[in-house]
Structure formats: C-alpha cells, structure tokens
Amino acid sequence: MKTKALILILYLWGMVVLPMFPEVNANAVIKDIEYLTGDDFVQVYFKLDQMIPIPDVFYPDKNDNTRIVMRINGVSFGPQKNQFNFDSSIIDFIKVTPNANKTDIDVDIQLKEQVNYRVFTNQKGLYIEFPNVKHFSSHSPTASTQTSRQPPGKDSETS
C-alpha cells in the first residue's frame, strides 16, 4: 500500500513540478541572419529564439585567415536558403550547413580580407562583430604643397 501511495505522489509531483522547468535539451532555432552596420563596425546577427552559449570559432585553413568556420551545437536552422550575400566591404558570403540530424550547424564565413572579430551572445541572438575596414589612399606631398622654411631669426633679405 505504501509503495502505491509513493508512486502516486511521485507521479503527481512530476505532473505539477516538471512543467515549471524548461527542457534542458531543447534546440534553439536560428530564425534569420542579418547584416548590421555601424560607424566603426559591422555585425552579422543570428536571430535566435533563445540564448545560446558562444560557439567554437576557428580558421580551418592555417594559411588562409579570410575563412572562418563557426560550429554551433544544439541549434537548428530555420531559413530556407543556406547562403547569404551582403553588400559588405568585409564579408564575401556566409554559408550555413546543418548536420544530417539538423541539431548542429556549421557557419562558413568567407571574408574579403583578413580582419579581427569578436563573438558575443545575448537574449536576442548571436553576434559576430568585425571592425569597419577603411582604406586610405597613400598620399605623398608634392612640390606645390611643400613649403620652404628658414631657420628662426633669419630674414629673407640678402646682405
């Protein structure tokens, strides 16, 4: 009799208490990938339905630092397309490849040139931020822009 009562209590406890806790193994879903610009940076924004830990990011080719791969575990990919092109001076394209079970994805980012980046996450999504690359033309002074200078205290008069 006590065993049946204990089983009933545990069953009822499970029905009441367990739904209060979210599923630990629930997969997050990437809903979209957007490109955001600022004055000094550009960001790739992975819009997620829940917060995730910062994934592993690495250069797959040791002699090519213009390609970055990010492996995101426990995430599925919602958009229908898997390649994203942006009007960017930094990013050439982004390609997303889900694994066969659609529980993990690899994000391949092809850069136009080698730049630093930082990865961070919050409740809204996952961000990869790159500094805005500004190219300056090399300008050497010409004869017309150079001025002749005389030592201080000397007049331009001749004796």
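The values are calculated or read from the model by the stated rules, or taken from the named source; none is laboratory data. Since the model is a prediction, treat every value here as computed from it, not as a measurement. Virtual Cβ from ideal backbone geometry, glycine too; neighbours counted across all protein chains shown. Just so you know, the surface numbers come from the protein's heavy atoms only, side chains and all, with ligands and any DNA or RNA stripped out. Shrake-Rupley method; radii C 1.70, N 1.55, O 1.52, S 1.80 Å.
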Site D56, offset 7 angstrom along Cα→Cβ, radius 20 Å on amide nitrogen, limited to region 101-120, gives 101-110, 117-120
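Under a 1.4 Å probe, what is the accessible area of region 29-96 per residue, stated in Å²? Intermediate results must be reported in sequence, preceding the final value.
Values: 3800 Å² over 68 residues.
Per residue, region 29-96 has an accessible area of 56 Å².
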Could you calculate the contour length gain from K112 to T97, that is, 0.36 nm times the residue separation minus the distance between their Cα atoms, to one decimal place in nm?
-> 3.4 nm
